[in-house]
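Notes to accompany the following structure.
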């Protein structure tokens with residue numbers, strides 16, 4: 001298996017591999033272009049994002065600066081929005097559903113490292129996919145860790161550190177994140 005194949009299947013891999021290094025360099029070039037374009041140039045920015053990501057809905061908007069590792073492993077649905085300083089480390093697949101909003105300074109990290117210091121010192125790492133359902137809102141400075149799946153209609157409170165998966169219709173927060181309350185899908189008008 002190539003290092004890229006190992007990376008995408010969750011096996012230990014060396015990110016210093018020539019192919020992976022070249023892919024990240026190409027992604028940085030694309031990100032430099034994207035992040036240098038004025039926010040008012042929405043059509044150009046959308047075109048660049050559609051070229052960068054593995055798949056997108058028709059409508060998406062990301063404020064600059066935006067950073068990711070590869071881009072091609074990111075899949076976002078319709079009406080995706082990410083605010084300033086979003087970082088997605090996409091060594092594994094990141095799937096985000098329709099109508100999702102990401103607040104400023106959110107980190108979504110698929111890449112991780114061995115716990116054992118000698119193994120970690122070799123530079124080896126592995127990645128776990130992240131899935132975020134439809135109609136989710138990720139609050140500012142929240143962190144979504146490797147391997148997490150969030151169901152539909154999940155709200156992640158600002159500053160939360162999400163270390164495990166959660167089902168549909170919950171508000172989560174804290175470090176580590178836990179359920180704070182359920183989402184009322186049929187609220188009464190004020």
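The values are calculated or read from the model by the stated rules, or taken from the named source; none is laboratory data. Keep in mind that this is a model prediction, so the values were computed, not measured. Cβ atoms come from the backbone with ideal geometry, glycine included; neighbour counts cover every protein chain shown.
Can you tell me which condition residue 53 does not meet? The list is (1) under 21 Å from residue 82 (Cβ atoms); (2) touching a helix residue (DSSP H, G or I) at 6+ places or on another chain (Cβ under 9 Å); (3) surrounded by 17 or more Cβ atoms within 10 Å (Cβ to Cβ), and all the others hold.
The one condition residue 53 does not meet is (2).
May I ask you to list the residues in the stretch 157-183 that are under 13 Å from residue 145 (Cβ atoms) and out of contact with any strand residue (DSSP E or B) (no Cβ under 8 Å at 6 or more places or on another chain)?
Selection gives 163, 164.
What are the residues in the stretch 1-13 that are within 18 Å of residue 112 (Cβ to Cβ) and not in a helix (DSSP H, G or I), if any?
10, 11, 12, 13
Please find, within the stretch 59-93, the residue that is nearest to the chain's Cα centre (by Cα) out of those that are surrounded by 21 or more Cβ atoms within 10 Å (Cβ to Cβ) and within 17 Å of residue 156 (Cα to Cα).
88
Considering only the stretch 14-40, state which residues are over 18 Å from residue 72 (Cα atoms) and either in contact with a helix residue (DSSP H, G or I) (Cβ under 8 Å, 6 or more places away or on another chain) or in a helix (DSSP H, G or I) (or both).
If the condition is that a residue be over 18 Å from residue 72 (Cα atoms) and either in contact with a helix residue (DSSP H, G or I) (Cβ under 8 Å, 6 or more places away or on another chain) or in a helix (DSSP H, G or I) (or both), then 14, 36, 37, 39 are the ones that fit.
For every residue, the table says whether it meets (1) surrounded by fewer than 17 Cβ atoms within 10 Å (Cβ to Cβ); (2) more than 25 Å from residue 15 (Cβ to Cβ); (3) modelled with pLDDT of 95 or more.
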site	(1), (2), (3)
114	yes, no, yes
118	yes, no, yes
135	no, yes, yes
151	no, yes, yes
168	yes, yes, yes
177	no, yes, yes
180	yes, yes, yes
186	yes, yes, no
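Going by what's in this entry, would residue 71 be described as closer than 25 Å to residue 3 by Cα, touching a helix residue (DSSP H, G or I) at 6+ places or on another chain (Cβ under 7 Å) and assigned to a loop (DSSP other than H, G, I, E, B)?
In short, yes.
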